[in-house]
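None of the figures in this text is laboratory data; all of them are computed from the coordinates on show. If you're wondering where the values come from, they're calculated on a predicted model, not measured in any experiment. Cβ sites come from the backbone with ideal geometry, for glycine too, and all protein chains shown count toward neighbours.
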């Protein structure tokens, strides 16, 4: 798998980003992290809306600037 490019992180916020692109980039970011944690901030069972926060540290040797 190609290394995660830190410049790609903001691209997942673009309004036209589809779920497949988000899943791919977030997956690459997680796999190229030394540690990662996830926290569910909110979940609405009626609407299905959720807010998830990821926090981690990327491998320094894998960062491609």
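Surrounded by 10 or more Cβ atoms within 10 Å (Cβ to Cβ) and touching a helix residue (DSSP H, G or I) at 6+ places or on another chain (Cβ under 7 Å): is that true of residue 30 in this structure?
Considered against the rule, which asks whether it is surrounded by 10 or more Cβ atoms within 10 Å (Cβ to Cβ) and touching a helix residue (DSSP H, G or I) at 6+ places or on another chain (Cβ under 7 Å), residue 30 comes out as no.
Restrict the check to segment 33-42 and report whether at least one residue is in contact with a helix residue (DSSP H, G or I) (Cβ under 8 Å, 6 or more places away or on another chain) and part of a helix (DSSP H, G or I).
No, the conditions are met nowhere in segment 33-42.
Can you name the condition, by its number, that residue 20 falls short on among (1) surrounded by 11 or more Cβ atoms within 10 Å (Cβ to Cβ); (2) out of contact with any strand residue (DSSP E or B) (no Cβ under 8 Å at 6 or more places or on another chain); (3) in a helix (DSSP H, G or I)?
All conditions are met except number (1).
Looking only at segment 1-17, count every residue that is exposed (fewer than 10 other Cβ atoms within 10 Å of the Cβ) and in contact with a strand residue (DSSP E or B) (Cβ under 9 Å, 6 or more places away or on another chain) and tell me the total.
0
With the checklist (1) touching a residue at least 24 places away in the same chain (Cβ under 8 Å); (2) in contact with a strand residue (DSSP E or B) (Cβ under 8 Å, 6 or more places away or on another chain) in hand, flag the one item residue 31 doesn't pass.
(2)
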